[in-house]
């Protein structure tokens, strides 16, 4: 398979089911209500070489640093089609031993053994050491990815707060590590 076949379409249309497979696509697409589309997605060109870029990661695994407020799993229990829409900052030295994974919709045992399955900080550090990436941001971020049909609070409150934090830390690239 050539790299070009994995590239997004020229119009930047996002296929949410691209890697899900037909069984998962058929099962989940019937269960998830159709959301209204967006007029456009604000694609931003990369402004500097990756070897000079400061990179931050975002996981959807509901991870928090031990000692920080965990994600609200009681809310998730009471609202089984939604998760906590807040976010947590994670230190760049986070490991499986100093985080807590708070999410009822995924098996957190894997994350508790190896944080890299949800937030590949070790891989990012390797890319920095090899000179492929300029630097790792001091902070990385976590949200609870399971938002159901109402992601308005995540979009209107949480995302802008994360964006402000990224700007203040002068992050060049923000990469999603979905779980």
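None of the figures in this text is laboratory data; all of them are computed from the coordinates on show. Predicted model only: the values in this text are computed from it and were never measured. All Cβ positions, glycine included, derive from the backbone under ideal geometry; neighbour counts span all protein chains shown.
Using a Förster radius of 30 Å, what is the FRET efficiency between residue 175 and residue 114 based on their Cβ-Cβ separation? Nearest 0.05, please.
Once rounded, the FRET efficiency stands at 0.95.
Could you work out how far apart the two model spin labels at residue 107 and residue 18 are, taking each label as a point 7 Å from the Cα in the direction of the beta carbon, and quote it in nm?
2.7 nm
Under 14 Å from a point placed 7 Å out from the Cα of residue 161 along the Cα-to-Cβ direction: which residues of segment 61-91 have their backbone N that close?
69-72, 84-90
Return the percentage of antiparallel bridges among DSSP beta bridges fully within segment 57-179, rounded to the nearest 5 %. List each step's numbers first, then the result.
Details: 9 of 14 bridges.
If I count the DSSP bridges inside segment 57-179, around 65 percent turn out antiparallel.
Per 0.36 nm of contour for each residue apart, how much would the distance between residue 68 and residue 47 grow if the chain were fully extended, relative to their Cα-Cα spacing?
Using 0.36 nm per residue and subtracting the Cα-Cα distance, I get 4.2 nm.
For segment 42-179, what is the convex hull (Cα atoms) projected area averaged across all directions, in square nanometres?
8.4 nm²
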